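Asker: Would you mind keeping the following structure in view while I ask a few things?
The values are calculated or read from the model by the stated rules, or taken from the named source; none is laboratory data. Everything quoted here is computed from the prediction, not taken from an experiment. No Cβ is skipped: glycine too gets one built from the backbone with ideal geometry, and neighbour counts run over all protein chains shown. These area figures cover heavy atoms from the full protein model, side chains too; ligands, DNA and RNA do not enter into them. Shrake-Rupley method; radii C 1.70, N 1.55, O 1.52, S 1.80 Å.
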Amino acid sequence: QLYLAVSRAAMPTLFEDTFVVDTVDADGRKFDLVSRLEAHSDKFDMRLKLDVNVDVYPLNKSQQRFVLLLADTLNLDGTRDPEEGVYTEALMQGKPSLADKYEYVMYGKVFKVVPGAVGGAAHEIIASFGGLLMSLKGAAQELKDLKRDLRVFILIRKVDV
């Protein structure tokens, strides 16, 4: 048997799963251009609440499946640029990146981690992407790489049902 050792630097993905939208703006819309969606995943049984700029990326219950990826860099080889997260013209100069495979990308920060209680209670990660919030709840094992103050990219693309 052949075992490959892959360094953490070669894997920018911190979390990835496919979600099904349950509700959009369940509590009513608070802002004209932002909707809050609630979704669940099948693979890891996660619960997601996410604010989305629907003026830029319309997503509603009729487009009910999407892939969500959290990564700490957009570089395909996992390396970080010194100005990662800062818009520069170099960012747009055709260098292949994770963003090429997704339709909606935001950059933000994990600002709260709520550990699950002993006995299997859900672990919760709360992040802000320029004021658009994300709450991701599920098994601590699947969210172990998401730490407080970590800068992260969230990448989304719709998938066919």
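Asker: Name the single residue, out of those in the range 62-92 being in a loop (DSSP other than H, G, I, E, B) and either closer than 19 Å to ALA122 by Cα or of a type in the set (Asp, Glu) (or both), that is modelled with the highest pLDDT.
Answerer: ASP72
Asker: Still on this structure, I have one more. Just to check your reading of the model, which residue among LEU59, LEU136 is among the hydrophobic types (A, V, I, L, M, F, W, C), at pLDDT 95 or above and either part of a loop (DSSP other than H, G, I, E, B) or surrounded by 18 or more Cβ atoms within 10 Å (Cβ to Cβ) (or both)?
Answerer: Of the residues listed, the single one that is among the hydrophobic types (A, V, I, L, M, F, W, C), at pLDDT 95 or above and either part of a loop (DSSP other than H, G, I, E, B) or surrounded by 18 or more Cβ atoms within 10 Å (Cβ to Cβ) (or both) is LEU136.
Asker: Checking the condition in a strand (DSSP E or B), open to solvent by 40 Å² or more (accessible area, probe 1.4 Å), modelled with pLDDT of 90 or more and under 17 Å from SER128 (Cβ atoms), which residue from VAL105, VAL110, VAL52 passes?
Answerer: Just one listed residue meets the conditions, VAL105.
Asker: Can you pull out every residue in the range 11-49 that is hydrophobic (A, V, I, L, M, F, W, C), open to solvent by 40 Å² or more (accessible area, probe 1.4 Å) and within 22 Å of ALA139 (Cβ to Cβ)?
Answerer: MET11, PHE44
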